[in-house]
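As structure tokens, the structure follows; a few thoughts come after it.
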């Protein structure tokens, strides 16, 4: 190989290396669940966003990532998820009681609106928008919802309804910003000791009242049932007497209807012993019909 050929080979290798470096520098990877907004200093923001995968973009074009998949986020006092510092917050109940709240939510940027998010928030990426806009407003608007409820509701069985109300309210508030909020949940709620003791005492009193009400209703139900049984028994006895009396009356009526003159005469003859009756007359005179018959003979 001559000198010229050697130099040409070196130049080719250098060219390939430069091409590879440029290719690497111009390659942008968009992770799964994200899209990328393209912008440049001279061309501004492009309407077309980049979906997940590898893309070749000019060196002058920059990209900013936004999640379009569901992302879990936290506002808690412990190190959980993206809440690396104490991000719990205080809210007031409808009675004005202070409540310390830990909260979780999911969010995502609407793919068709990410360029609007980029412009609205001056090029901040998705995580920066989450920390500077989403979380502070989650706190502010959650306080508005919690203020509608009593502290006993927030601590008690109404928690599930409050979570639904929060999700609905926050979803509507963020919708206009191209951000979808879902699955908002109060995961920990704390109050001062005095308030907790008062709530526990109220719950105990309510439980006692409910138990007494159940006992009272049970006694009323038993008394009502006993009275019904007594009425039923009395009615049964009265009906039995009525049936017996009716049967006796019907029997007497049948007997009366069956006693005709011929039957009475027949029964009289069957019972006669052959002796004529003695007849009383005037002056205390007694006439014996048997003696009279003897004389006639």
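Of all the listed residues (100, 124), the sole one being closer than 30 Å to residue 144 by Cα and in contact with a helix residue (DSSP H, G or I) (Cβ under 9 Å, 6 or more places away or on another chain) is 124. Taking the range 63-87 as the range and being surrounded by fewer than 18 Cβ atoms within 10 Å (Cβ to Cβ) and more than 18 Å from residue 129 (Cα to Cα) as the test, the residues that pass are 77, 78, 79, 80, 86. Condition test on residue 50, is it closer than 23 Å to residue 177 by Cα and in the same structural domain as residue 126 (by TED's automatic domain parsing)? Here the answer is no, as residue 50 does not meet what is asked.
Restricting attention to the range 93-101, does a residue exist that is in contact with a strand residue (DSSP E or B) (Cβ under 9 Å, 6 or more places away or on another chain) and free of Cβ contacts under 8 Å to residues at least 60 places away in the same chain? No, the conditions are met nowhere in the range 93-101.
Kindly establish whether residue 112 is over 33 Å from the mean Cα position of the chain (by Cα) and surrounded by fewer than 18 Cβ atoms within 10 Å (Cβ to Cβ). Break it down stepwise before answering.
Numbers: over 33 Å from the mean Cα position of the chain (by Cα): yes; surrounded by fewer than 18 Cβ atoms within 10 Å (Cβ to Cβ): yes.
It is true that residue 112 is over 33 Å from the mean Cα position of the chain (by Cα) and surrounded by fewer than 18 Cβ atoms within 10 Å (Cβ to Cβ).
The values are calculated or read from the model by the stated rules, or taken from the named source; none is laboratory data. Computed from a predicted model, the values in this text were never measured in an experiment. Note that each Cβ is placed from the backbone with ideal geometry, even for glycine, and that neighbours are counted across all protein chains shown.
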